[in-house]
Amino acid sequence: MAAKFSTGLDIHCSIPYTSDTKLLYGSSSSSTKSSRLSLKRFTILCNSTSKSPKPNLDLDSSKKKPSLSEQLKPLSNTILDDPPNQARILSKPKSTWVNPTRPKPSVLSLQRQKRSTYSYNPQIRDLKNFARRLSESHFSDDAFLAVLEDIPHPPTRDNALLVLNSLRPWQKTIFFFNWIKTRNLFPLETIFYNVAMKSLRFGRQFQQIEELAFEMIDSGIELDNITYSTIITCAKRCNLFDKAVEWFERMYKTGLMPDEVTYSAVLDVYAQLGKVEEVMSLYERGRASGWTPDPVAFAVLAKVFGAAGDYDGIRFVLQEMKALEVQPNLVVYNTLLEAMGKAGKPGLARSLFEEMVDSGVTPDAKTLTALIKIYGKARWARDALDLWERMKSNGWPMDFILYNTLLSMCADLGLEEVAETLFHDMRKSDNCRLDSWSYTAMLNIYGSVGNAEKAMALFEEMSRVGIELNVMGCTCLVQCFGRAQRIDDLVKVFEVSVQRGVRPDDRLCGCLLSVVSYCKGDDADKVLACLQQANPRLVTFVKMLEDESTSYDIVKEEFRSILTNTSDDARRPFCNCLIDICRKRNRAERAHELLYLGTVYGLYPGLHTKTPEEWRLNVRALSVGAAQTAFEEWMRTLAKIVQSEEPLPEVLSANTGAGTHKFSQGLANAFASHVEKLAAPFKQSEEKAGFFIATREDVVSWVQSKAAATA
DNA sequence: GTAGGGTTAG
């Protein structure tokens, strides 16, 4: 594992735009009492088990959602356990249920609502043209009204419905709806409301939909499953999830059973909220009612497990479909592939894709986008390139999102030339255009290979063709010019970006901080001046670290406070860079303090792992300076263990990672020279790349000889 | 978009 776009020293300090955040930044979790641990001992290294230490930063308490069971309560208490009698009768018309004291719970109707069939309307052509003319025009209300009077055929029920269905946007649909209502030519049935609501849904006009629904209730017009599912999905699209649930509950209360369409719409409401338990509860209640879910419902299930990165859940979906003999369709496959990616299972995604192709389902651009993204993230260059070849030779569909994903994949894999070919193809192509994603992906690549000339040329081209630089592009350029020591260019890009409205985020700040860590004198001051605009507290903290008189307690409090206000994925990079800065400015002990705090705050889970046979220091997610600091710390601890004659395992190892990324092989080399400088008895493994190994005897005799030398 | 549900990018 390695950072995506870094060479040499700063590979883990800059904040690369990798999708690999789980590996790179680690997950944070909570709580070791830092205040009770003695700073001097740093015992955390050898006391920690393979379990991640839990940081005691309660950083996200304000965002806490109600518990899952709390959220499910309204459904389970008010509805699902107590379905109205009428509904129960509807859902099981031929039931031979004999135990009336324990009615079989039923939560959905197994019959889908029947749609009325259209009778052929010979005037369809004229009316559609009429509707299209109205839709495309820009009339005032009066003019619109005048044109309506010229409707080519009398506004009978069927004619009016046809026009209503073809009008857009929603303002015109509603205008026409009100027009037929005031003319009072025929009673407005449910279907008229449903059609009007659908148009409102396109315009995301939930409030108006709700008003129409109340109007139906007031006038005694029946709300059916189509009405409810339209209301619910509109609420969902407007992010009004409580409204979606409210209308679902209202439906049961009026004695109407949802059919499977409404039911999966609600499943999706919970899926979008990430409420896995609720989705499963609804799903199981549906199954218990005799429901065989269709592919749409399975796509919802796959989505919710994908979002949670829950591989067992994904397997469950596959098993259920197999058991119920439901054949996955394209969307289900796409969703499952996405889910496999989120669960970090590239191999399973690959075999699922082959299964899909074998079963005769032709992949579309979304399928290929999902898969290319997975291969890029997994750094599976061969599979990614093979797939690209297959796409070309099979003529599988491409779109601009797929092109941009291919570019990002190239960035993940360091495929500069392939990316340039793709970029060139897109430039020539008629059906896709280079957009800010494409340019940003290229900046990412040039930033990673350190090609400052090409990055600058691209930056200038963007200004010329009017594509705005976003915060990611800015970060890539800062990284690129920082590494090339073109600090004046860096400052210029930063200033221009801020002027054009880029709001620096934590990743950009981390990137600036990493440049500070390897710059000197004037250059460092120039970069700090940029950082001052973006995050003044960080600059103050850097100055505090440099000042010998700052006490540990103050460092601890200020660091904690800074981390609290830093997004999760930028915390470890911040800590890495700050450690590097301390080491570069001869504040080695300060570096040890920061590493200790970082460990306590959960930024380095699994830094030290123990088995009875082997203790291992895992520094793959550390910057060079942090890795050196951690190694020194470990040696101190091991020395104490030897001196106090406590037991050691047979093998001690340090893992720097092999640097599978083309641009990131710096850590192992830097680590090797540090080991050499300390004359520590660790040897780089020949079989296992990225491992440094010592035996217990090596370590014991090394400690003893050092002790003898200083005695 | 032909009255209702599900899938694509740092």
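Read through the list (1) more than 8 Å from DNA strand B (Cβ to nearest atom); (2) open to solvent by 50 Å² or more (accessible area, probe 1.4 Å), then give the number of the only condition that A:Leu407 fails.
(2)
In this structure, does A:Leu594 turn out to be crowded, with 24+ Cβ neighbours inside 10 Å and within 24 Å of A:Asn535 (Cα to Cα)?
Taking the combined requirement at face value, the residue satisfies it.
Where in region A:308-392 are the helices (runs of 4 or more DSSP H), entirely inside, with at least 1 residues that are within 9 Å of DNA strand B (Cβ to nearest atom)?
Of the helices (runs of 4 or more DSSP H) lying wholly inside region A:308-392, those with at least 1 residues that are within 9 Å of DNA strand B (Cβ to nearest atom) span A:330-342, A:365-377.
(1) away from DNA strand B (no atom under 11 Å from the Cβ); (2) surrounded by fewer than 22 Cβ atoms within 10 Å (Cβ to Cβ): which one isn't true of A:Asp224, the others all being true?
(1) is the only condition that A:Asp224 fails.
Pull out all pairs, ordered by first then second residue, where Cβ-Cβ is under 6 Å, the residues are six or more apart or on different chains, the first lies in region A:315-336 and is open to solvent by less than 60 Å² (accessible area, probe 1.4 Å), and the second is aromatic (Phe, Trp, Tyr).
Listed by first residue and then by second, the contacts come to A:Val317/A:Phe298; A:Met321/A:Phe298; A:Val332/A:Phe298.
Take region A:685-711 and flag every residue that is modelled with pLDDT of 90 or more, open to solvent by 70 Å² or more (accessible area, probe 1.4 Å) and within 44 Å of the chain's Cα centre (by Cα).
Selection gives A:Arg696 alone.
Can you go through A:Arg204, A:Arg237 and tell me which one is within 12 Å of DNA strand B (Cβ to nearest atom), open to solvent by 50 Å² or more (accessible area, probe 1.4 Å) and either on the phi > 0 side of the Ramachandran plot or not assigned by TED's automatic domain parsing to the domain that holds A:Phe130 (or both)?
A:Arg204
Output the residues belonging to region A:569-591 that are open to solvent by 10 Å² or more (accessible area, probe 1.4 Å), assigned to a helix (DSSP H, G or I) and free of Cβ contacts under 8 Å to residues at least 60 places away in the same chain.
A:Arg583, A:Ala588, A:Glu589, A:Arg590, listed by residue number.
State all residues of region A:423-445 that are more than 12 Å from A:Ile401 (Cα to Cα), modelled with pLDDT under 90 and touching a Leu at 6+ places or on another chain (Cβ under 8 Å); if no residue qualifies, say none.
A:Arg427
Just to be sure I understand the filter: pairs with C-beta atoms under 8 Å, separated by 6 or more residues or on different chains, first member in region A:260-287 and without any contact (Cβ under 8 Å) to a residue 12 or more places away in the chain and more than 15 Å from A:Ala244 (Cα to Cα), second member within 15 Å of DNA strand B (Cβ to nearest atom) and part of a loop (DSSP other than H, G, I, E, B). Which pairs pass?
Matching pairs, first to second residue: A:Arg287/A:Pro293.
Filtering region A:154-201 down to residues that are farther than 20 Å from A:Leu223 by Cβ and open to solvent by 70 Å² or more (accessible area, probe 1.4 Å), which residue is nearest to DNA strand B (Cβ to nearest atom)?
Per the criteria, the residue is A:Arg168.
Based on this model, can you work out whether A:Leu617 counts as modelled with pLDDT of 90 or more and either open to solvent by less than 40 Å² (accessible area, probe 1.4 Å) or part of a helix (DSSP H, G or I) (or both)?
Considered against the rule, which asks whether it is modelled with pLDDT of 90 or more and either open to solvent by less than 40 Å² (accessible area, probe 1.4 Å) or part of a helix (DSSP H, G or I) (or both), A:Leu617 comes out as yes.
Testing A:Ala524 on (1) touching a helix residue (DSSP H, G or I) at 6+ places or on another chain (Cβ under 7 Å); (2) open to solvent by 60 Å² or more (accessible area, probe 1.4 Å); (3) small (Gly, Ala, Ser), one condition comes back false. Which one is that?
(2)
Tell me the helices (runs of 4 or more DSSP H) entirely within region A:233-304 that contain at least 1 residues that are out of contact with any helix residue (DSSP H, G or I) (no Cβ under 9 Å at 6 or more places or on another chain).
Hits in region A:233-304: A:276-288.
Taking only region A:404-429 into account, find how many residues are under 20 Å from the mean Cα position of the chain (by Cα), under 17 Å from A:Lys392 (Cα atoms) and of a type in the set (A, V, I, L, M, F, W, C).
Final tally of qualifying residues: 4.
Given the criteria buried (at least 17 other Cβ atoms within 10 Å of the Cβ), farther than 17 Å from A:Val516 by Cβ and acidic (Asp, Glu), does A:Glu633 qualify?
Spelling it out, A:Glu633 is indeed buried (at least 17 other Cβ atoms within 10 Å of the Cβ), farther than 17 Å from A:Val516 by Cβ and acidic (Asp, Glu).
Output the qualifying pairs, or none if there are none: Cβ atoms under 9 angstrom, residues six or more apart or on different chains, first residue in region A:682-706 and hydroxyl-bearing (Ser, Thr, Tyr), second residue outside any strand (DSSP E or B) and open to solvent by 70 Å² or more (accessible area, probe 1.4 Å).
Filtered contacts from region A:682-706: A:Thr695/A:Glu650.
Working only within region A:444-471, note down all residues that are near DNA strand B (Cβ under 10 Å from one of its atoms) and open to solvent by 50 Å² or more (accessible area, probe 1.4 Å).
A:Asn470
Can you find even one residue in region A:134-152 that is near DNA strand B (Cβ under 9 Å from one of its atoms) and either open to solvent by 80 Å² or more (accessible area, probe 1.4 Å) or of a type outside the set (Lys, Arg) (or both)?
yes
Residue-wise test of (1) more than 24 Å from A:Ser517 (Cβ to Cβ); (2) not in a loop (DSSP other than H, G, I, E, B); (3) not charged (D, E, K, R).
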| position | (1), (2), (3) |
| --- | --- |
| A:Leu648 | yes, no, yes |
| A:Ser653 | yes, yes, yes |
| A:Gly657 | no, no, yes |
| A:Phe671 | no, yes, yes |
| A:His674 | no, yes, yes |
| A:Ala689 | yes, no, yes |
| A:Ala708 | yes, yes, yes |
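The values are calculated or read from the model by the stated rules, or taken from the named source; none is laboratory data. Since the structure is predicted, the reported quantities are computational estimates derived from the model, not experimental observations. Quick reminder, even Gly has a Cβ in these numbers, built from the backbone with ideal geometry, and neighbours come from all protein chains shown. The accessibility values were calculated without ligands, DNA or RNA, using every heavy atom of the protein model including side chains. Shrake-Rupley method; radii C 1.70, N 1.55, O 1.52, S 1.80 Å.
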